[in-house]
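Step one of this worksheet: look at the structure below.
Bear in mind these aren't lab numbers, they're just calculated from the coordinates by the rules spelled out. If you're wondering where the values come from, they're calculated on a predicted model, not measured in any experiment. Cβ placement follows ideal geometry from the backbone for every residue including glycine, while neighbour counts extend to all protein chains displayed.
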């Protein structure tokens with residue numbers, strides 16, 4: 001599954017995220033954020049072998065309840081989720097290997 005190009009202005013509710021089955025990554029940021037733009041190549045590289053993982057790019061900012069519920073403070077922030085529970089978080093990744101650490105945590109969470 002290819003990563004969506006733009007951050008979505010619509011987001012699931014926290015209750016919907018908490019009810020997710022399987023794996024997902026929530027990526028919080030904005031299209032105009034320089035850090036977000038700069039991280040896209042690394043994020044895309046890390047996601048390439050994980051096409052089975054649901055990837056939601058969600059626009060964040062004041063008044064955006066989902067980001068607030070996860071206490072997101074910096075962009076981009078990637079929240080790695082297995083069966084509705086956060087298992088890892090990567091903030092402002094500078095390389096694909098940093099994002100890979102989140103995928104490794106997803107794998108470890110699934111092996112229990």
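Computed values, structure above
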{"read-out": "Near pairs, Cβ below 8 angstrom, 6+ apart or cross-chain, from the stretch 95-112 (farther than 18 Å from residue 37 by Cα) to any residue that is loosely packed, with under 12 Cβ neighbours inside 10 Å", "value": "109/85"}
{"read-out": "Selection count where residues are touching a residue at least 40 places away in the same chain (Cβ under 8 Å) and more than 23 Å from residue 109 (Cα to Cα), scope the stretch 14-40", "value": "6"}
{"read-out": "Which listed residue is closer than 17 Å to residue 103 by Cβ and buried (at least 19 other Cβ atoms within 10 Å of the Cβ), from 11, 41, 88", "value": "88"}
